Amino acid sequence: MFTCKKIRNGSTYLSTHLSANDYYCEQEQATGVWVGKGAERLGIAGQTIENEDVPFETLRLNLHPDGSGPLTPRKAENSIRFFDFQCSAQKSVSLMAVMMEDRRLYDAHDRATRKALAELERFAAIQSRQGHYKHRHTTGNLCAAAFRHDASRELDPQLHTHFVIANATWDAASQRWLALETHDIFKAIRYSGKVYQNELAWECRSLGYAIEQTRNDKGGVQGFEIKGVSEELRVRYSKRRAEVEAAIDKFVSERGRKPNPAEISQMASETRSAKLREISTPEVRQAQRSQLSSQELSDLESLKQEALNRAVDRSDSLEPMGSNWRALMQARDHLYERHSVLKGHEILAEALNQNLGALDLERLKLCMASDQSGITRLAENAQNPLLSCQWASQRGLELERWSIQFVNQTQRSCHSLGTTQGVEFDFNSQEQRTVILETLQTTDRV
């Protein structure tokens with residue numbers, strides 16, 4: 001799933017956080033790569049990123065990488081330089097990829113994260129002003145530094161990718177770079193996270209692993225895990241999560257309420273050690289495996305071998321179109337029991353969440369755009385027509401039209417509710433007087 005934090009200075013972020021794999025070794029360094037449509041426009045897409053990377057530093061300073069001067073009109077010294085969106089794999093996937101060295105899962109994670117980022121990129125926008133009103137205009141391009149790490153600060157296996165997004169996006173209408181408006185991006189984080197989980201679950205299946213749903217305390221689906229990796233092991237190698245959950249429990253006991261996402265993000269930052277441990281990758285792997293019994297290690301090795309023997313070509317694992325159609329219908333019927341209008345990405349996110357690893361996103365989108373889907377787009381968004389627009393169910397629209405017709409047809413069809421002549425009223429305000437008298441005197445049914 002995706003989490004995000006804002007970076008306001010970032011002068012040491014590349015060297016102390018991104019270039020190190022959440023631990024430090026003088027002979028080892030993580031390298032990144034520039035991705036996104038914005039990076040393509042800047043001419044840096046596909047370039048590798050190492051410590052003291054020139055484009056990273058120029059973007060941090062809000063300068064164009066080609067040396068032509070300022071990138072955006074932004075001038076505030078304390079302005080946001082980057083947004084670090086972190087996309088993390090399920091713990092069971094991390095255990096099999098990192099500790100059991102199934103390198104296929106690294107590649108699967110990379111493909112899934114890139115697809116998720118491409119979907120998140122569709123929501124990139126700028127904010128413009130027309131008179132007294134502010135409007136968001138979709139641009140659909142981002143410039144991101146992608147760094148893959150495979151350990152947590154507690155040195156547990158944790159496969160994750162940092163997409164450090166520059167605070168700039170190209171506006172085709174004005175033909176210039178402007179500061180990024182992230183409102184729609186943050187709203188679409190759940191959707192992008194479900195795209196990632198669905199793609200990764202599908203990849204795991206094609207690589208020979210069986211998967212199972214995981215549920216929260218209320219019974220709702222929240223993700224998946226690889227079958228055969230016990231919950232006990234997943235908890236054992238989730239020490240960072242345990243630290244955050246302890247901080248959440250303390251917050252609840254002190255304040256009597258659950259923290260919001262921003263407060264949880266702050267707790268994660270506060271509980272994270274500022275100093276990286278100095279240790280080499282072979283030593284990390286040895287420390288990770290030392291926490292397994294001989295039987296647990298044998299079971300995980302057998303699980304990996306069985307998956308290798310069952311692996312199939314991804315194209316052979318495609319589900320029939322009907323699976324995507326049924327998933328969309330189930331999501332539609334469930335969501336519109338409680339909502340009259342939804343954004344397109346909310347409907348797709350729910351369909352994916354209930355069927356992780358079983359759906360093809362492009363086929364699912366085709367189903368949603370079909371005239372037979374039972375949902376109707378209420379307004380156009382030329383830049384992001386499927387995901388950013390509001391959608392209503394056709395049944396809901398029919399009921400709304402019927403309600404309006406009923407109200408109109410039953411006007412002046414009843415006797416007034418009561419008489420007001422000769423009655424003394426003790427009104428507290430003119431507003432109360434208006435409401436009470438008009439209600440008593442109306443002859444409308446509604």
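Residues in the stretch 357-368 include none that are in contact (Cβ under 8 Å) with a residue 60 or more places away in the chain, out of contact with any helix residue (DSSP H, G or I) (no Cβ under 7 Å at 6 or more places or on another chain) and not in a loop (DSSP other than H, G, I, E, B). On the basis of being free of Cβ contacts under 8 Å to residues at least 24 places away in the same chain and under 44 Å from the mean Cα position of the chain (by Cα), does residue 401 make the cut? When the stated conditions are applied, residue 401 passes them.
Restricted to helices (runs of 4 or more DSSP H) entirely inside the stretch 53-144, those with at least 3 residues that are over 23 Å from the mean Cα position of the chain (by Cα) and farther than 30 Å from residue 282 by Cα are 54-60. Within the stretch 145-178, the set of residues being in a loop (DSSP other than H, G, I, E, B), surrounded by 18 or more Cβ atoms within 10 Å (Cβ to Cβ) and modelled with pLDDT under 95 comprises 152, 153, 154, 155, 156. Each residue in the stretch 378-402 was checked for being assigned to a helix (DSSP H, G or I) and over 14 Å from residue 332 (Cβ atoms), and 5 pass. Comparison of 307, 331 shows that the only residue that is within 19 Å of residue 95 (Cβ to Cβ), small (Gly, Ala, Ser), assigned to a helix (DSSP H, G or I) and at pLDDT 90 or above is 307. The set of residues in the stretch 200-224 that are in a loop (DSSP other than H, G, I, E, B) and either under 21 Å from residue 117 (Cβ atoms) or in contact with a helix residue (DSSP H, G or I) (Cβ under 9 Å, 6 or more places away or on another chain) (or both) comprises 207, 208, 209, 210, 220. Residues in the stretch 218-251 that are under 21 Å from the mean Cα position of the chain (by Cα), acidic (Asp, Glu) and either within 23 Å of residue 357 (Cβ to Cβ) or assigned by TED's automatic domain parsing to the domain that holds residue 358 (or both): 225 alone.
The values are calculated or read from the model by the stated rules, or taken from the named source; none is laboratory data. Everything numeric here is computed off the predicted structure, so don't read it as measured data. We place every Cβ from the backbone using ideal geometry, glycine too, and count neighbours over all the protein chains shown.
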